[in-house]
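Readers should treat all values here as calculations from the given coordinates under stated rules, not as data from a laboratory. Keep in mind that what you see is a predicted model, and the values were worked out from it rather than measured. Cβ: placed from backbone, ideal geometry, glycine included. Neighbour counts: every protein chain shown.
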Amino acid sequence: MDPKQWRSALAKTRRSTFGRIATLLGATELTPDFWEELEAALIQSDMGGNLTQSLVTELQETANLEGLLRGEEIYTLLRSLLIERLNAPIEPAPHQKPHVMILVGVNGTGKTTTAAKLAFAQTRAGLRVILAAADTYRAGAQEQLSIWGERLGVDVISAESGSDPGALVYNACQAAHAKNMDVAIIDTSGRMHTEYNLMAELQKICRVVRKVIDGGSHEVLLVLDATTGQNGLVQAQAFAEAVDLDGVILTKLDGSAKGGVGFAIVDSLSIPVRYVGIGESLEDLAVFNPLAFVDALLLDPVTPTA
Ligand SMILES: Nc1nc2c(ncn2[C@@H]2O[C@H](COP(=O)(O)OP(=O)(O)OP(=O)(O)O)[C@@H](O)[C@H]2O)c(=O)[nH]1
Ligand SMILES: [Mg+2]
C-alpha cells in the first residue's frame, strides 16, 4: 500500500484527532498550555492514559535538555517516538510448513472476511492455502466461508452446524499435511471475551493445533474492529489472557476515527499489529507498516496537504 492509500485509509482518524496534534505542533510555542493541550489531544486519540503520559514526559525531557522552544521542533521527535512505540518487541517466529493462522475475536469484527483476504494474498504470493470454517456456531457461517473459497479456488474444510470446532480444526490440520499445504487459515466463531465457556473452547482449538501441526508453525491473531476504540483494548486484554496472542489485525480502519487504539494495544500488550483491513474487498488488507501509519496520521505540520 502506498503513502496515499495509507492517508486515505486513515483520513477519519487523522481528521478527528491527529490532525489537531499536527496543527498544534506546527504553530505553538512550548508553553504549559501547549503541553496540556498536547496531552488532551493524545488522550482523545485513543492512545490511552499510560502511553500519553510516557510520551509527554519523554518529549518534555528532551525539549528541556535540548532547549527546544517551538512545537514544530518536537514534531520530528514525536514522529519517531510513535514509530518506535509501534515496533513491538516480539518478532514473529519463522514460519514452518504448514503454517496455521488462527483468527479469533468478538462478533462481527471481520474474521471471516479477513480469512478470505489472507487466503487471497497468500495464493497470489504462490502459496498453497487451505481454509477451515471452525465457526460451527453461527448459522450461515460455513456457507459464508465456502463462498469465499469458491471465489478464490481454495479448499474449505467445513462441518455441520453445531459440531465440535476442535474436531474440525483437527481435520483441517490433517488435511493441510496430507495435501502438502503451505498455510491453513482457521476462521473461528465470534465470541464475547467475557464468556468463559467460549474462551475455553478457543483454548481447546489452540491446543489441538499445537498437537497436530507436527513440524509446522502456528500463530493466533486477534481480529479487532478499529471503530471500537478503547473497548478494543479491553477485548485484546481478555483474549491475551486466554490464549497466546501473536498479533492483531486491525480491521475497518477505513471507517474508523479511532485508529489510534493501535498504539495502545502495542504499548499495553506488547504484541504487534500485523495487518490492517481497509475495506470489504479481497484486496483491502495490508501488511502493517508503522512508518507509513504514523506518517498518514501526522502530516508534516509545516506543509500540510490532503
Ligand atoms: N469497511 C470495512 N468493512 C469490513 C472490513 N472487514 C470486514 N468488514 C465488514 O464487516 C462485516 C463483518 O465481517 P465478517 O467477516 O463477517 O465478521 P466476523 O468477525 O467473521 O463475524 P462473526 O463471524 O459473526 O463473528 C462484513 O460486512 C464485512 O464486509 C474492513 O476492513 N473494512
Ligand atoms: Mg465470521
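Arrange the following residues from fewest to most other Cβ atoms within 10 Å of their Cβ: Ile265, Ile74.
Ranked by crowding around the Cβ, least crowded first: Ile74, Ile265.
Any idea what angle helix 196-212 forms with the longest principal axis of the chain, computed on alpha-carbon atoms, 0 to 90 degrees, nearest 10?
Helix 196-212 and the main axis of the chain meet at about 70 degrees.
List the GluC sites (Glu not before Pro) within the range 240-296 that fall in a DSSP loop (any state other than H, G, I, E or B) and whose Cβ has at most 16 other Cβ atoms within 10 Å.
Hits after loop and neighbour filter: Glu280, Glu283.
Angle, helix 32-44 long axis vs. longest principal axis of the chain, Cα atoms, 0 to 90°, nearest 10?
Here the helix axis deviates by roughly 10 degrees.
Determine one quarter of the surface area of the Cα convex hull of the chain, which equals its mean projected area, and express it in nm² to one decimal.
In nm², the orientation-averaged hull projection of the chain is 15.6.
List the GluC sites (Glu not before Pro) in the range 135-232 that DSSP assigns to loop (not H, G, I, E or B) and whose Cβ has at most 15 other Cβ atoms within 10 Å. Which are they?
Glu160, Glu195
Treating only the Cα positions of the range 99-245 as identical point scatterers, give the base-10 log of I(q)/I(0) from the Debye formula at each q in 0.13, 0.20 Å⁻¹.
-0.51, -1.25
Taking only Cα atoms, what is the 0 to 90° angle, nearest 10, from helix 165-178's long axis to the longest principal axis of the chain?
80 degrees
Check the straight Cα-Cα distances from Lys179 and name the lysines below 29 Å, setting aside those fewer than 8 residues away within the same chain.
Lys97, Lys111, Lys117, Lys204, Lys211
For the chain, what does the relative contact order come out to in percent, with C-alpha contacts under 8 Å and a separation of six or more?
That works out to 28 percent.
With charges only on Cβ, +1 for K and R and -1 for D and E, what is the dipole size of the range 3-89 about its Cα centre, in debye, rounded to 20?
740 debye
When only C-alpha pairs under 8 Å and at least 6 residues apart count, what is the relative contact order of the range 99-245, in percent?
Relative contact order of the range 99-245: 37 percent.
I'd like the antiparallel share, as a percent to the nearest 5, of DSSP beta bridges with both residues in the chain.
Within the chain, antiparallel bridges account for around 10 percent of the total.
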